[in-house]
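Asks: The structure under discussion is supplied below as structure tokens; questions concerning it will follow.
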Amino acid sequence: MLNLFRTLTARVVLVTAATAVIAVIITALVAVPFAVRAVNNQARAELSERAGLAVELLPARAPARERIVRDLRRDGISVYLIRRGVVDTPGLPQRIVQQVSEGREVDTRGLVGGRAVFVVGRPITGMSSGVILTKPVASGIAGGLLGAVWFPLAAGLLGGLLVGALLARFTVRPIRRAAVAAGHLLAGDRSIRLVTEGPAEVAELAAAFNRLASALQVSEGRERDFLLSVSHELRTPLSTIRGYAEALADGVVGEDGASKAGTTMLAEAERLDRLISDLLVLSRLEAADLPLDIVEVDLTDLIRTAGEAWAPRCAPDGPDLRTELPAHPVLVNTDPGRIRQVVDGLCENALRAVPQGAPLILAVRTGPAGGVVEVRDGGPGFTDEDLAVAFRRGALHQRYRGIRKVGSGLGLALAERLVGRLGGTITAGHAPEGGAMFTVTLPPAVISYVTRTQP
């Protein structure tokens with residue numbers, strides 16, 4: 001029974017039925033006092049009218065007078081005749097008898113024989129006589145009215161149940177459709193959609209569900225493309241290592257070629273290691289558990305050191321590496337190891353794409369939002385469409401695979417997430433040198449910049 005009322009349908013039916021019952025009860029409680037008052041007012045007015053008529057007719061002959069008294073008593077009205085100050089039937093308050101005997105009219109409410117009655121008295125002029133009529137106050141009518149309420153109460157309850165069932169069916173139907181659609185979505189059907197119709201809230205629920213399904217469909221498509229790309233990148237060096245290993249095992253490679261084979265296998269192993277490290281760092285960034293060591297860093301010294309480290313790799317048949325450094329330190333709060341990782345990744349990408357002799361520039365400057373590091377090159381660069389998806393995992397890899405040298409498709413996505421975790425921003429654009437430009441902005445240190453002579 002308790003489980004039944006956990007459903008929205010049962011609750012809607014219960015609420016509507018309870019609302020109908022409460023409405024009937026409140027209506028009865030409000031209406032009964034008004035009904036009783038109306039009945040009593042009508043009885044009092046009728047009693048006053050009959051008292052005036054009785055005063056005119058009672059002085060008539062005895063048979064006519066007896067008929068009038070009999071008719072009044074048949075209607076529940078008691079008749080008291082006063083002659084010369086004496087009432088024919090005891091029980092009336094003496095005060096009322098005296099008032100009518102003195103020629104005054106009476107219209108009041110009192111107790112006669114222990115019962116609440118309306119009392120109307122009319123004197124007969126010049127005779128110290130009169131007529132007094134009494135009629136019980138309507139007291140049992142309230143119980144009668146309340147008893148009559150049971151039928152509309154039952155009708156209201158039945159109507160509430162029927163209306164509640166219809167309302168529940170109308171309300172719950174779109175929710176059940178959404179639940180069924182969610183089951184299909186959970187089972188892997190990303191094409192399921194809901195019709196956006198009905199009340200505004202239902203349409204809003206359907207639209208939100210459809211947006212979620214579309215987002216999942218797009219996200220899973222990207223994940224599939226990314227996994228295909230990564231699997232290809234993993235398979236290529238593994239195939240090279242496996243080929244050389246089989247050649248060495250079969251004795252195909254002699255002593256003269258063993259050194260070259262070992263060098264190639266080492267380079268491919270290092271490539272695999274970098275790819276796996278990037279995947280690990282990226283997964284930890286998305287899980288928000290990557291340790292960071294935020295300290296005060298001088299970007300000028302950091303980029304100078306990076307330039308010195310990359311100079312041997314760029315010479316003599318690589319790009320023309322240059323640094324543009326200010327004459328003063330640019331202090332920021334960041335993790336120097338992670339920033340160096342970002343710069344190294346951008347340089348690695350440039351080294352693959354920038355032709356021999358084209359410029360590769362590492363620059364540092366002070367920006368309005370903090371310290372700025374720029375990596376610019378004179379390579380093929382990006383189109384505007386490329387810039388829109390530059391930091392999406394594997395997007396550029398998919399576009400340019402087989403067209404020009406590309407990496408694993410992880411480097412730019414990793415750089416964006418690293419810089420974001422460090423409280424900075426990274427953007428991609430067109431370099432003045434004709435190629436790509438990546439701009440990294442980092443939050444400034446608390447200490448102001450101190451001018452220093454460039455060595």
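Asks: Which order do the peptides 309-317, 74-82 take when ranked by the mean count of other beta-carbon atoms within 10 Å per residue, highest first?
Replies: Descending mean neighbour count gives 74-82, 309-317.
Asks: Please report how far the C-alpha centroid of the range 410-425 lies from that of the range 246-275, rounded to the nearest whole angstrom.
Replies: Distance between centres, Cα-based: 34 Å.
Asks: Now, a different point. Taking θ as phi - 60°, what are the ³J(HN,Hα) couplings along the range 39-52 by the Karplus curve (6.51, -1.76, 1.60), each to the nearest whole Hz, with x for Gly and Pro?
Replies: Rounded to whole hertz, the list is 5, 5, 5, 5, 5, 5, 5, 5, 5, 5, 5, 6, 5, x.
Asks: Among 429-441, 106-118, 176-188, how do they line up from the highest to the lowest mean number of other beta-carbon atoms within 10 Å?
Replies: Highest mean packing first, the order is 429-441, 106-118, 176-188.
Asks: Continuing with the same structure: For the range 81-125 and the range 287-331, what is the centre-to-centre distance using only Cα atoms, to the nearest Å?
Replies: 118
Asks: Would you mind calculating the gained length between residue 250 and residue 421 on full extension (0.36 nm times residue separation, minus the Cα-Cα distance), in nm to one decimal?
Replies: 56.6 nm
Asks: Given H placed on each backbone N at 1.01 Å, which residues far from residue 328 in sequence or on other chains put an amide H within less than 5 Å of it?
Replies: So residue 328 has HN proximity to 452.
Any read-out appearing in this document is the output of simple, stated calculations on the displayed coordinates, not a laboratory observation. Everything numeric in this text was worked out from a predicted model, so none of it was measured. Heads up, the Cβs are rebuilt from the backbone with ideal geometry, glycines too, and the neighbour counts pull from every protein chain shown.
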